[in-house]
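Heads up, the thing below is written out as structure tokens.
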Amino acid sequence: MSTARSAVPQELSIAYVRGIFKNLESGDGKGFFDHVADNVDWIVEGTHPLAGHYHSKAEFLAHTFEKLAKVLPKGAELQVEHALVSGDWAVVELHSDATAKNGFRFDNRYCWVCRFVNGTIVEVRAYLDSVLVARLFEENPI
């Protein structure tokens with residue numbers, strides 16, 4: 001017996017992708033990252049404190065989400081705007097409605113290009129506002 005949350009689709013669908021990302025919207029990072037491979041290949045594009053090429057889920061989390069948690073009391077507060085699917089790829093546009101410890105509004109916008117294998121995210125290219133991220137950490141040093 002399988003649930004919709006854990007069911008692996010025969011073919012990647014927008015509903016499946018949105019279901020995974022719904023976890024981020026509700027603040028359930030674990031629920032989202034349960035669908036990310038341990039050896040994910042994740043690039044955060046740009047020139048800012050979160051940018052880099054990460055070769056595992058643990059490495060990605062340590063250099064991004066854990067850093068953000070130190071300056072955003074409620075996390076990134078991500079919301080999905082659009083999702084497109086083509087084959088094993090999904091493009092997800094998100095925005096953040098977060099507020100930093102010092103009151104700075106972190107209203108960033110993201111585009112994550114994700115490749116799936118058997119319903120699991122194995123590769124991500126993330127695009128975001130580098131200047132806004134740099135300013136967040138300049139005003140809220142860790």
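Data table
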| read-out | value |
| --- | --- |
| Filtered residue count, the range 43-72, keeping only those that are out of contact with any strand residue (DSSP E or B) (no Cβ under 6 Å at 6 or more places or on another chain) and farther than 15 Å from Phe137 by Cβ | 5 |
| Count of residues meeting criterion [assigned to a loop (DSSP other than H, G, I, E, B), closer than 20 Å to Lys70 by Cα and either basic (Lys, Arg) or touching a residue at least 24 places away in the same chain (Cβ under 8 Å) (or both)] in the range 14-46 | 1 |
| Members of the range 105-142 found to be modelled with pLDDT under 95 and among the β-branched types (Val, Ile, Thr), listed by number | Ile142 |
| Top-ranked residue in the range 80-104 [being exposed (fewer than 14 other Cβ atoms within 10 Å of the Cβ) and polar (S, T, N, Q); ranked as nearest to the chain's Cα centre (by Cα)] | Ser86 |
| Which numbered condition Glu77 fails, given (1) modelled with pLDDT under 95; (2) over 21 Å from Ser130 (Cβ atoms) | (2) |
| Qualifying residue in the range 12-26 (condition: in contact with a Phe, Trp or Tyr (Cβ under 8 Å, 6 or more places away or on another chain), farther than 19 Å from Val133 by Cα, surrounded by fewer than 16 Cβ atoms within 10 Å (Cβ to Cβ) and among the aliphatic types (A, V, I, L, M)) | no |
| Filter result for Asn108 (surrounded by fewer than 16 Cβ atoms within 10 Å (Cβ to Cβ) and of a type in the set (S, T, N, Q)) | no |
| Residues of the range 52-68 classified as of a type in the set (Gly, Ala, Ser) and in a helix (DSSP H, G or I), total | 2 |
| Pick from the range 105-142, criterion small (Gly, Ala, Ser) and either in a helix (DSSP H, G or I) or more than 30 Å from Gln10 (Cβ to Cβ) (or both), ranking: farthest from the chain's Cα centre (by Cα) | Ala134 |
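The values are calculated or read from the model by the stated rules, or taken from the named source; none is laboratory data. As the structure is a computational prediction, the values presented were derived from the model and not from experiment. Cβ coordinates were reconstructed from backbone atoms using ideal geometry, including for glycine residues, and neighbour counts include every protein chain displayed.
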